[in-house]
Amino acid sequence: MNDEPDVDFALLDRQLIALLADEADPLANTANFVGLLYHALPDINWLGVYVLRGQELVLGPFQGKPACVRLPLGRGVCGTAASRSATLRVADVNEFAGHIACDPESNSEIVVPLTLSGKLAGVLDIDSPYRGRFSERDQAGIEKLCRTFTGELSNKPAPVHRSGAAGDRAAFI
């Protein structure tokens with residue numbers, strides 16, 4: 001593992017904007033967001049979105065091994081970040097009280113809340129097999145990418161369900 005992986009977050013941000021520009025579907029955009037980041041960030045083994053559904057987070061688009069499907073708010077790194085509406089950067093998940101081990105190979109993690117229209121919509125979860133993988137620079141860059149992603153989704157028309165009814169602006173998939 002590199003001490004400080006060379007990630008051009010500004011370039012990634014521009015690529016993300018271009019990738020989302022011509023697509024209105026939030027599921028497709030979430031899948032592309034996840035795919036872009038997974039292949040751009042070195043030394044990670046899992047990256048995905050969990051979507052808020054009631055009092056739990058439900059697995060959305062991801063890259064990596066099969067994952068936990070439902071995570072309660074307030075438990076584990078994802079549930080804690082969601083309930084606090086704050087990013088959590090954990091250098092060693094084995095030292096995080098209540099960590100939910102979906103993949104025993106993961107040793108560090110960063111979780112960023114995703115908000116739409118001022119409401120929690122889910123979280124971006126990124127795992128690494130390396131302890132201490134995520135730096136303050138990574139956190140700032142990933143948080144910016146999440147703001148770009150949710151901002152782009154907010155600028156799209158609300159999804160329309162098969163019934164013809166407009167969807168909830170605070171839900172993206």
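Being outside any loop (DSSP other than H, G, I, E, B), free of Cβ contacts under 8 Å to residues at least 40 places away in the same chain and farther than 23 Å from residue 130 by Cβ is true for just one of 82, 31. Which residue is that?
Going through 82, 31 in turn, just one is outside any loop (DSSP other than H, G, I, E, B), free of Cβ contacts under 8 Å to residues at least 40 places away in the same chain and farther than 23 Å from residue 130 by Cβ: 31.
Has the range 131-139 got at least one residue that is more than 12 Å from residue 44 (Cα to Cα), modelled with pLDDT of 95 or more, within 15 Å of the chain's Cα centre (by Cα) and surrounded by fewer than 16 Cβ atoms within 10 Å (Cβ to Cβ)?
Looking through the range 131-139, at least one residue is more than 12 Å from residue 44 (Cα to Cα), modelled with pLDDT of 95 or more, within 15 Å of the chain's Cα centre (by Cα) and surrounded by fewer than 16 Cβ atoms within 10 Å (Cβ to Cβ).
Taking the conditions exactly as written (closer than 22 Å to residue 150 by Cα and part of a strand (DSSP E or B)), does residue 114 satisfy them or not?
So residue 114 fits the description; yes.
Condition first: in contact (Cβ under 8 Å) with a residue 60 or more places away in the chain and in a strand (DSSP E or B). Now tell me which residues in the range 34-61 satisfy that.
Correct list: 46, 47, 48, 49, 50, 51, 52, 57, 60, 61.
Report, ordered by the first and then the second residue, all pairs with beta carbons closer than 8 Å, sequence separation of six or more or different chains, a first member in the range 146-157 that is aromatic (Phe, Trp, Tyr), and a second member that is part of a loop (DSSP other than H, G, I, E, B).
So the pair list comes out empty.
Within the range 85-111, can you find the residues that are in a loop (DSSP other than H, G, I, E, B) and touching a Leu at 6+ places or on another chain (Cβ under 7 Å)?
85, 100
Out of all the residues in the range 64-79, which are under 14 Å from the mean Cα position of the chain (by Cα) and in a helix (DSSP H, G or I)?
77, 78, 79
Filter the range 86-105 down to residues that are of a type outside the set (A, V, I, L, M, F, W, C) and modelled with pLDDT of 95 or more and give me whichever is farthest from residue 42 (Cα to Cα).
Filtering first and then ranking leaves 87.
Scan the range 85-101 for residues that are touching a residue at least 40 places away in the same chain (Cβ under 8 Å), out of contact with any Asp or Glu (no Cβ under 7 Å at 6 or more places or on another chain) and either buried (at least 22 other Cβ atoms within 10 Å of the Cβ) or not small (Gly, Ala, Ser) (or both) and report the count.
Summing the residues that are touching a residue at least 40 places away in the same chain (Cβ under 8 Å), out of contact with any Asp or Glu (no Cβ under 7 Å at 6 or more places or on another chain) and either buried (at least 22 other Cβ atoms within 10 Å of the Cβ) or not small (Gly, Ala, Ser) (or both) in the range 85-101 gives 2.
Output the residues belonging to the range 16-31 that are of a type outside the set (Gly, Ala, Ser), over 16 Å from residue 51 (Cβ atoms) and touching a helix residue (DSSP H, G or I) at 6+ places or on another chain (Cβ under 9 Å).
16, 17, 19, 20, 23, listed by residue number.
Against the condition at negative phi and either in a loop (DSSP other than H, G, I, E, B) or aromatic (Phe, Trp, Tyr) (or both), how does residue 137 come out, does it pass?
So residue 137 fails the test.
Quick one: would you say residue 124 is without any contact (Cβ under 8 Å) to a residue 60 or more places away in the chain, closer than 28 Å to residue 156 by Cβ and not polar (S, T, N, Q)?
Considered against the rule, which asks whether it is without any contact (Cβ under 8 Å) to a residue 60 or more places away in the chain, closer than 28 Å to residue 156 by Cβ and not polar (S, T, N, Q), residue 124 comes out as no.
Check 34, 69, 49, 7 and return the single one that is surrounded by 13 or more Cβ atoms within 10 Å (Cβ to Cβ) and out of contact with any helix residue (DSSP H, G or I) (no Cβ under 8 Å at 6 or more places or on another chain).
34
Return yes when residue 10 is small (Gly, Ala, Ser) and either closer than 15 Å to residue 146 by Cα or in contact (Cβ under 8 Å) with a residue 24 or more places away in the chain (or both) and no when it is not.
Taking the combined requirement at face value, the residue satisfies it.
The values are calculated or read from the model by the stated rules, or taken from the named source; none is laboratory data. Quick caveat, the model's predicted, so the values are computed rather than measured. In this analysis, Cβ positions are derived from the backbone assuming ideal geometry, glycine residues included, and neighbour counts consider all displayed protein chains.
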